[in-house]
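Asker: The structure under discussion is supplied below as structure tokens; questions concerning it will follow.
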């Protein structure tokens, strides 16, 4: 299956992977094992869920785990990201699991990658996030939610500051 994925990336042709989810890393990243027992790291397309150490991160991971772990799924993939993960829309029993996370208020519609979605999919994702916001679902119940991309930027800045800080002299 890896050769299929590599070929699909090289030719920019979408591809599918069917298998069972064997690990959920966080609310938008998981590992799928196909029928040939090959493991595929998958990044859910169109959403960005809170990081594991971020507020609502454990809840997003748990929701994806409940929905997908040890379940047969179909991943419709269109590229690999800079970390080598296949970027895919994940379906179980005909349901888009990324869209379900948006409806539950456990992810953001990742607007930076909206152009990679079909018009219908982008509209459905935007509508799901807007409805979750209006009804204060999940993370939208908090007064001060921090988008994962902002949280990651802050974490990188804090790590850089720690590396460059000089120890205080006694």
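The values are calculated or read from the model by the stated rules, or taken from the named source; none is laboratory data. All of these numbers come straight from a predicted model, not from anything done at the bench. Neighbour counts are summed over all protein chains in view; Cβ atoms, including those assigned to glycine, are modelled from backbone coordinates with ideal geometry.
Asker: Would you please name the residue that is surrounded by the most Cβ atoms within 10 Å (Cβ to Cβ), looking only at residues in the stretch 1-27 that are modelled with pLDDT of 95 or more and out of contact with any strand residue (DSSP E or B) (no Cβ under 6 Å at 6 or more places or on another chain)?
Answerer: 27
Asker: Now a separate question. May I ask you to say which residue of 41, 70, 33 is surrounded by fewer than 22 Cβ atoms within 10 Å (Cβ to Cβ) and modelled with pLDDT under 95?
Answerer: When all the criteria are applied, what remains is 70.
Asker: Does the stretch 119-128 include one or more residues that are in contact with a helix residue (DSSP H, G or I) (Cβ under 9 Å, 6 or more places away or on another chain), surrounded by 22 or more Cβ atoms within 10 Å (Cβ to Cβ) and touching a residue at least 24 places away in the same chain (Cβ under 8 Å)?
Answerer: Yes: the stretch 119-128 contains one or more residues that are in contact with a helix residue (DSSP H, G or I) (Cβ under 9 Å, 6 or more places away or on another chain), surrounded by 22 or more Cβ atoms within 10 Å (Cβ to Cβ) and touching a residue at least 24 places away in the same chain (Cβ under 8 Å).
Asker: Give the stretch 43-78 a look and list any residue that's on the phi > 0 side of the Ramachandran plot and in contact with a strand residue (DSSP E or B) (Cβ under 8 Å, 6 or more places away or on another chain), or say none.
Answerer: 46, 70
Asker: Which of the residues that make up the stretch 34-49 are free of Cβ contacts under 8 Å to residues at least 40 places away in the same chain and either assigned to a strand (DSSP E or B) or within 19 Å of the chain's Cα centre (by Cα) (or both)?
Answerer: Selection gives 34, 39.
Asker: Okay, next question. Is it the case, given these coordinates, that residue 102 is over 18 Å from residue 14 (Cβ atoms) and more than 11 Å from the chain's Cα centre (by Cα)?
Answerer: When the stated conditions are applied, residue 102 does not pass them.
Asker: Something else now. Sort through 102, 90 and tell me the only one that's surrounded by 23 or more Cβ atoms within 10 Å (Cβ to Cβ), touching a helix residue (DSSP H, G or I) at 6+ places or on another chain (Cβ under 7 Å) and over 29 Å from residue 144 (Cβ atoms).
Answerer: 90
Asker: Looking only at the stretch 152-161, decide whether some residue is surrounded by 19 or more Cβ atoms within 10 Å (Cβ to Cβ) and within 19 Å of the chain's Cα centre (by Cα).
Answerer: no
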